[in-house]
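Reading through the structure tokens given below for one structure.
The values are calculated or read from the model by the stated rules, or taken from the named source; none is laboratory data. Just so it is clear, the model here is predicted, and its values are computed rather than measured. Positions of Cβ are backbone-derived with ideal geometry, glycine not excepted, and every protein chain shown enters the neighbour counts.
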Amino acid sequence: MAFLRAGHPSEWTVLQGRGVWLRPPQSSDYGPWAELRTLSRAHLTPWEPAWPRDDLTKSAYRRRLKFYQREAREDLGYAFLLFQSESDRLIGGVTLSNVRRGVTQSAMLGYWMGLPFAGRGYMSAAVRTMLPYAFETLRLHRVEAAVQPGNDASIGVLRRVGFFEEGLARRYLKINGVWQDHLMFAMLAEDWMTREVRV
């Protein structure tokens with residue numbers, strides 16, 4: 001469920017899920033974010049685009065925030081940080097990027113999980129929490145996700161949540177400096193509306 005709260009310069013969204021909650025990143029998140037990303041670097045780099053040399057600096061984080069804010073204002077993308085409900089501790093992030101309107105009405109789902117919290121069901125809960133926002137608030141028709149064939153944990157998340165595997169995209173994304181094949185998954189609004197279990 002989405003809750004709108006007054007913020008500056010515009011409203012921001014908090015998504016409450018089962019054992020997790022999400023909200024857009026803020027300036028005050030820099031310390032915990034940089035600490036978790038540093039701790040998780042070896043865990044994340046096989047699955048992410050190459051990190052810029054200054055990726056974990058405060059100035060790079062400020063640029064990242066400005067980019068996220070501009071994307072949201074222009075309805076091009078929505079970034080959220082992921083928190084554990086019990087402790088309010090930052091544990092990862094989820095994004096809807098490359099939002100396309102017109103005849104497509106779709107977006108790409110992306111996510112990352114900090115190493116200490118991997119394999120504990122938090123990301124499945126986070127994606128389930130994001131889906132009502134994607135389909136009911138943003139009124140998207142299709143949410144897509146691309147996963148490297150060897151990323152069993154991420155494939156497991158998508159299958160548990162109800163995404164359908166649609167095929168292989170050859171050398172689809174440049175990950176850690178190398179063009180990599182990706183399995184393509186998707187969920188449609190009608191898939192979401194007819195699911196028996198919803199969060």
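Considering only residues of region 17-58 that are touching a Gly at 6+ places or on another chain (Cβ under 6 Å) and assigned to a loop (DSSP other than H, G, I, E, B), which is nearest to G177 (Cα to Cα)?
Here is the first cut: in region 17-58, the ones touching a Gly at 6+ places or on another chain (Cβ under 6 Å) are 36, 40, 50.
Within this subset, residues satisfying the condition of being assigned to a loop (DSSP other than H, G, I, E, B) are 40, 50.
Numbers: S40: 18, A50: 6 Å.
That would be A50.
If only residues of region 59-91 that are among the aromatic types (F, W, Y) and not in a strand (DSSP E or B) are counted, the one that is surrounded by the fewest Cβ atoms within 10 Å (Cβ to Cβ) is F67. Can you pull out every residue in region 119-135 that is in contact (Cβ under 8 Å) with a residue 60 or more places away in the chain and surrounded by fewer than 17 Cβ atoms within 10 Å (Cβ to Cβ)? The one that is in contact (Cβ under 8 Å) with a residue 60 or more places away in the chain and surrounded by fewer than 17 Cβ atoms within 10 Å (Cβ to Cβ): G121. Among the candidates R101, R160, the residue that is surrounded by fewer than 16 Cβ atoms within 10 Å (Cβ to Cβ) and either farther than 30 Å from T38 by Cβ or within 15 Å of the chain's Cα centre (by Cα) (or both) is uniquely R101.
Of all positions in region 28-41, none carries a residue that is of a type in the set (S, T, N, Q), within 13 Å of the chain's Cα centre (by Cα) and surrounded by 14 or more Cβ atoms within 10 Å (Cβ to Cβ). Considering region 118-199, the qualifying helices (runs of 4 or more DSSP H), each wholly inside and each with 1 or more residues that are among the hydroxyl-bearing types (S, T, Y), run over 122-132, 152-161. In region 173-196, the residue that is surrounded by the fewest Cβ atoms within 10 Å (Cβ to Cβ) out of those that are aromatic (F, W, Y) and at pLDDT 95 or above is W179. Each residue in region 70-99 was checked for being farther than 21 Å from Y30 by Cα, without any contact (Cβ under 8 Å) to a residue 24 or more places away in the chain and in contact with a Leu (Cβ under 9 Å, 6 or more places away or on another chain), and 1 of them qualify. Cβ contacts < 8 Å: first residue among the polar types (S, T, N, Q), restricted to region 171-188; second residue buried (at least 19 other Cβ atoms within 10 Å of the Cβ) and part of a strand (DSSP E or B), any location; separation 6+ or different chain. Result? From residues that are among the polar types (S, T, N, Q), there are no pairs.
Within region 92-117, track down each residue that is assigned to a loop (DSSP other than H, G, I, E, B) and in contact with a strand residue (DSSP E or B) (Cβ under 8 Å, 6 or more places away or on another chain).
Let us first name the residues in region 92-117 that are assigned to a loop (DSSP other than H, G, I, E, B), namely 101-105, 114.
T104, Q105, G114, listed by residue number.
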